[in-house]
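What follows is calculated from the coordinates using simple rules that are stated; it is not laboratory data. In this text the structure is predicted, and so the values were computed from the model without any measurement. Every residue, glycine among them, receives a Cβ derived from its backbone with ideal geometry; neighbour counts consider all protein chains shown.
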Amino acid sequence: MNVVVCVKQIPDPAQPGQLDPGSKTLKREGKLILDDSDAYGVEMALLLAEKAGGGEVTLVSMAPNGETSGLRTALAMGAAKAILVSDDSLAGTDALGTAKVLAAAIKRAEPDLIVAATESTDGYTGTLPVQVAEILGLPSVTFAKSVDVADGKVKVNRQTEAGYDEVECPLPALITVTAGVVEPRYPSFKGIMAARSKPVEQLTVADLGLSADQVGAAGARQEVVDVTAAEERKAGEVITDEGDAHERVVAFLDQLKLI
Amino acid sequence: MATDKIWVLIDTTEGKPSSGGLELLTAARQFGSVVEAVVWGESSEAAAGPAGAHGAARLLVLGDLGGGLAGPAVSSALAARISGGEGPDVILAPSSYECRDIIGRLSVKIDRPVLANIVGLAKEGDGLVTEHGIFGGTQIAKARFTGEGPGLFIVRPKTFAAEESGGGPAEVAQLSAGEAGATAGAKLIARHVEEREGPSLDEAPVVVSGGRGLGAAENYAMIEELAKLLNGAAGASRAIVDAGWVPYSHQVGQTGKTVKPTVYIACGISGATQHMVGMKGAKNIIAINKDAEAPIFSIADLGVVGDVHKVLPKLIDAIKAKK
């Protein structure tokens, strides 16, 4: 079974982010890392491919400047290869444009299953995976808590407001996985060494047969008009527990008539 | 982009509309003159009463989905209505599991982009301007669509307060099913409702949340016990959800739920920006954390620098004693 995992390489969330002063979009030009949310998708894909007894896990990503550091992390976990779409004309692409690019790249890998996170840690748009499925004409099951593949079908327990739904879907299909569904493996030293020589195919917008007006800032039909500081909440009283701090908490709750 | 005619997508449970949907109906009344609610699934027609009371003139219904998922079915029906010339200027949807599927698919079908994760929405000029929390909610980015409509907006719950308009039941109109083809391949086999004691996270007056400072998964029981004692709901930071200690449904924060309870009690949570985005709208915040430098203290009304393993058991006992 061939599995494609959509992975996003993002600026390190632990570092302060920066906006491009012109377009007011997130600067993504420095070193990028594998989005934590995607590590679960990579692990899930590896487990499913192993269980199916064959097939490859291919990563698909779009990033500026031919950035591959995040991809190498996922390759070190065990993915076989990667497709990276990197093109100057992609700067400022909106989520729908990104979905068009990724869908075109994913098609080349002819996957049985596409795995993505529910949303990225830097953009949080959360519509991209389903847009990719729609462009490819595939069914999708989002917010998977558990996933199993058997008899040409993917069986998913899907998170709902009230609990979960059991959903069954014929392959090929796309799924999104929530964090915590599996425990992402740490790349071994051997994995890290092997990742260095794994193939990363670099593609441009033209390679994918897309026209320039579908992507980039030119293709985006939304703009950021302003960025301002959010209203800040002020700190209240901070006390140090000397064994009786719980009394203060009780008094606070009591005053709100919650006890 | 005009805002005259607005569709509001509303999830329903046994005919009862979600609060996120009613909040958006309330907002839609201010932006446009024709507000139509869109619902789907068995017995969703029952939403005509509450939807009308919150400002919907009409309820567009796609009934029983025959075991299919909402995403492909509802998006195809809406795309068909739009291509039939009955489309709106604006489509508003709460960030729910199903609405995200519907809007994502619809955006491709009608080739319109989506503005998602919206925390504020206002009419400026002849269009809508959205607000999005960025960099952990420390800054607000305002955005708008530049192309032709309809604009697709996914709004975080609790962005608006639901208020009744005094209107009668909405007029019910059936949506015709569209062509979903292979995209409709996923089928619902069974629904599982997890028994929940007490209120849900987004409706609870008290939310008690635990984070990595709890040290081990089994200590989350203290969070659940305290939440139960206070008739509240138990939440969690992303860190312990990622670690597999508690299910994703408990997660409070950017990638989880937004809560605005009367009081939020953060236990062993340092206050990553990702978490604070989801809870800083609480009326009161109490934080217990052993690290005096933890960012959570910068927004807490009462901060306790202490070990949750010591403070929580005493707090639980003291509340039990008072009851």
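Once you mark the trypsin sites (Lys or Arg not before Pro) that are in a DSSP loop and have at most 14 other Cβ atoms within 10 Å, what is the longest gap between them in chain A?
My reading of the result: A:32-195 is the longest stretch.
Which net charge results for the neighbourhood of A:GLY92, defined as the other residues with beta-carbon distances under 11 angstrom from its beta-carbon, given Lys and Arg at +1 and Asp and Glu at -1?
-2
Report the Cα centroid-to-centroid distance between the stretch B:254-307 and the stretch A:83-117 in angstrom, as an integer.
The stretch B:254-307 and the stretch A:83-117 have Cα centres spaced 37 Å from each other.
Only bridges whose two residues both fall in the protein assembly as shown count here: according to DSSP, what percent of them are antiparallel, nearest 5?
Once the DSSP bridges in the protein assembly as shown are tallied, antiparallel ones form about 35 percent.
May I ask you to derive the relative contact order of the stretch B:206-322, considering only C-alpha pairs under 8 Å and at least 6 residues apart, and to give it as an integer percent?
24
Once the Cα atoms of helix B:97-109 and of chain B are each reduced to a long axis, what angle between those two axes, in degrees from 0 to 90 to the nearest 10, is obtained?
40
I need the semi-axes of the equivalent ellipsoid of the stretch B:223-290: take the C-alpha gyration tensor, multiply each eigenvalue by 5, square-root it, list largest first in whole angstrom.
16, 14, 12
For a 32 Å ceiling on Cα separation, which of these pairs sit above it: A:LYS8/A:LYS155; A:LYS190/B:LYS257; B:LYS290/B:LYS322; A:LYS24/B:LYS158; B:LYS280/B:LYS322; B:LYS228/B:LYS290?
A:LYS190/B:LYS257
How far is helix B:308-322 tilted, in degrees, relative to the longest principal axis of the Cα atoms in chain B, given as a value from 0 to 90 rounded to the nearest 10?
For B:308-322 against chain B, the angle is about 80 degrees.
For a distance above 29 Å, tell me the whole-number percent of Cα pairs in the stretch A:3-255 that qualify.
37
Rounding to the nearest 20 debye, state how big the charge dipole of the stretch B:206-322 is about its Cα centre with +1 on each Lys and Arg Cβ and -1 on each Asp and Glu Cβ.
Approximately 300 debye in magnitude.
Take the alpha-carbon positions of the stretch A:103-168, form their convex hull, and give its projected area averaged over all directions (one quarter of the hull surface) in nm².
Projected area, direction-averaged: 5.2 nm².
Can you order the peptides B:126-135, B:161-170, A:14-23, B:226-235 by their average number of other Cβ atoms within 10 Å per residue, highest first?
In decreasing order of mean packing, B:126-135, B:161-170, A:14-23, B:226-235 become B:226-235, B:126-135, B:161-170, A:14-23.
Once every Cα of chain B carries one equal point scatterer and solvent is ignored, give the base-10 log of I(q)/I(0) from the Debye formula at q = 0.08, 0.15 Å⁻¹, two decimals.
Log10 of I(q)/I(0), two decimals: -0.41, -1.17.
GNM, chain B, Cα, under 10 Å: largest mean-square fluctuation among B:ALA53, B:ALA186, B:ALA77?
Among B:ALA53, B:ALA186, B:ALA77, the largest GNM mean-square fluctuation belongs to B:ALA186.
Which whole number gives the average count of other chain Cβ atoms within 10 Å of the Cβ atoms across peptide B:192-205?
The shielding value for this peptide is 2.
Work out the length of the dipole vector of the stretch A:1-151 about its Cα centre, built from +1 on the beta-carbon of each Lys and Arg and -1 on the beta-carbon of each Asp and Glu, and round it to the nearest 20 debye.
It works out to roughly 180 debye.
Can you compute the FRET efficiency between B:ARG191 and B:ASP291 using 1/(1 + (r/R0)^6), with r the Cβ-Cβ distance and R0 = 30 Å? Round to the nearest 0.05.
0.10
Nearest 5 percent is fine: what portion of the DSSP beta bridges confined to the stretch B:5-185 is antiparallel?
Antiparallel: roughly 30 percent of the beta bridges in the stretch B:5-185.
Compute the acute angle (0 to 90°) between the alpha-carbon long axis of helix B:70-81 and the principal axis of greatest extent of the alpha-carbon atoms of chain B; round to the nearest 10°.
The angle comes out at about 30 degrees.
Which value, in debye to the nearest 20, gives the size of the charge dipole of the stretch A:3-255 about its Cα centre, when Lys and Arg are +1 and Asp and Glu are -1 at the Cβ?
1060
So which GluC sites (Glu not before Pro) in the stretch B:169-227 are both in a DSSP loop and have at most 13 other Cβ atoms within 10 Å of their Cβ?
B:GLU179, B:GLU194, B:GLU195, B:GLU197, B:GLU203
Roughly what % of DSSP beta bridges within chain A run antiparallel, to the nearest 5?
Beta bridges within chain A, antiparallel portion: roughly 40 percent.
Which number do you get for Rg(Cα) / (2.2 N^0.38 Å) in the stretch A:181-223?
Taking N as the residue count of the stretch A:181-223, the ratio is 1.97.
Determine the shielding of peptide A:211-221 by partner chains: average, over its residues, the number of Cβ atoms on other chains within 10 angstrom of each Cβ.
1
Distance between the C-alpha centers of the stretch B:1-60 and the stretch A:1-66? Whole Å please.
With the stretch B:1-60 and the stretch A:1-66 each reduced to a Cα centre, they are spaced 37 Å.
What helices in chain A pass both tests, a Cα length along the helix axis of 15 Å or more and a mean Kyte hydropathy of 0.0 or higher, using whole DSSP H runs?
Those that pass (Cα extent of 15 Å or more, hydropathy at least 0.0) are A:36-51, A:95-109, A:245-255.
Give me a single rounded figure for B:135-145: the average over its residues of other chain Cβ atoms within 10 Å of their Cβ.
Average per residue, whole number: 6.
How many Å³ per residue does the convex hull of the Cα positions in the stretch B:5-185 occupy?
Cα convex hull per residue, to the nearest whole number: 113 Å³.
Between the DSSP loop rule and a limit of at most 16 other Cβ atoms within 10 Å, which trypsin sites (Lys or Arg not before Pro) in the stretch B:178-214 are left?
Answer in residue order: B:ARG196.
Per residue, how much space in cubic angstrom lies within the convex hull of the C-alpha atoms of the protein assembly as shown?
Cα convex hull per residue, to the nearest whole number: 148 Å³.
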